[in-house]
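S.K.: If you scroll down you'll find the structure; I have some questions about it.
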Amino acid sequence: MKRTIDEQGYHFEEWLTPAQIAKDVQQVADRISVDYKDKEPLFVVVLNGAFVFASDLLRALQDIRCEVTFIRVSSYYGMASTGQLEFIVPLQQVVDQRDVIIIEDIVDTGLTIHQLKAHMRAQGATSVRVATMLFKPNKLEYDDAKPDYIGREMTDEFVIGYGLDFDGFVRNLDAIYKVTDE
Ligand code: IMP
């Protein structure tokens, strides 16, 4: 029996259970462990949404030596062409000559990642890759924002839970729920 949630007048149905999420996360961690075997990557967690995925992903990564830092940004969609990105919590760590892995909850249009990658490169990062729990390929507008490590690809529906919010709420749900038409 699928769990359901009603939030702000919308009906959501459980789409990925905690067990399914754990498998997806482990699969991402296994790939990163191989690719970064002899490196010491710096993970940059994009707040707020990615904190749950990052917490599971980093603990699924026991074979590599790494550092973790956090960043909080806000994108101006209406001003996308200006490349404006507001750093609410700026990068606190030097990324110069580091192999950076950005951790996101979901890549949608790719604007956030497009701008963050440019920022890390401008700061001298040796390499910048992206790990995301979810990816909506049909919505992608920036080619360079295609994630390198993807928990699961999905269609265009709005999802909540596992860090993903609806106006700030429901990040604490342990499963990922998809909005339904009913
Ligand atoms: P992008 O810059 O268009 O790729 O947007 C990425 C950000 O949009 C994510 O970090 C989320 O905060 C938000 N977002 C996109 N799709 C969803 C969704 O289905 N549920 C919740 N947040 C979403």
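The values are calculated or read from the model by the stated rules, or taken from the named source; none is laboratory data. Note that this is a predicted model, so its numbers are computed, not measured. Glycine also receives a Cβ, built like all others from the backbone with ideal geometry; neighbour counts cover every protein chain displayed.
S.K.: Please find, among 17, 4, 69, the residue that is of a type in the set (Ser, Thr, Tyr) and farther than 23 Å from residue 174 by Cβ. Talk me through it step by step, then tell me what you get.
M.R.: Working: 17 fails: farther than 23 Å from residue 174 by Cβ; 4 fails: farther than 23 Å from residue 174 by Cβ.
Exactly one residue qualifies, and that residue is 69.
S.K.: Out of 27, 97, which single residue is out of contact with any Asp or Glu (no Cβ under 9 Å at 6 or more places or on another chain), modelled with pLDDT of 95 or more and assigned to a loop (DSSP other than H, G, I, E, B)?
M.R.: Working: 27 fails: assigned to a loop (DSSP other than H, G, I, E, B).
So the residue among 27, 97 that is out of contact with any Asp or Glu (no Cβ under 9 Å at 6 or more places or on another chain), modelled with pLDDT of 95 or more and assigned to a loop (DSSP other than H, G, I, E, B) is 97.
S.K.: Which of the following residues is within 21 Å of residue 126 (Cα to Cα) and not hydrophobic (A, V, I, L, M, F, W, C): 24, 38, 56? Spell out how you get there, then give the answer.
M.R.: Numbers: 24 fails: within 21 Å of residue 126 (Cα to Cα); 56 fails: within 21 Å of residue 126 (Cα to Cα).
Only one candidate passes the filter, namely 38.
S.K.: Looking at (1) part of a helix (DSSP H, G or I); (2) surrounded by 15 or more Cβ atoms within 10 Å (Cβ to Cβ), which one does residue 34 not meet, given that it meets all the others?
M.R.: (2)
S.K.: Then there is this: What's the total number of residues in the stretch 150-162 that are surrounded by 16 or more Cβ atoms within 10 Å (Cβ to Cβ), more than 9 Å from the ligand (Cβ to nearest atom) and not in a strand (DSSP E or B)?
M.R.: Total meeting the criteria: 1.
S.K.: Of all residues being in a strand (DSSP E or B) and farther than 20 Å from residue 118 by Cα in the stretch 132-149, which is farthest from the ligand (Cβ to nearest atom)? Just the residue, please. First the steps, then the outcome.
M.R.: Of the residues in the stretch 132-149, the ones in a strand (DSSP E or B) are 132-135, 149.
Narrowing the set further to residues that are farther than 20 Å from residue 118 by Cα leaves 133-134.
Numbers: 133: 10, 134: 8 Å.
Top of the filtered list is 133.
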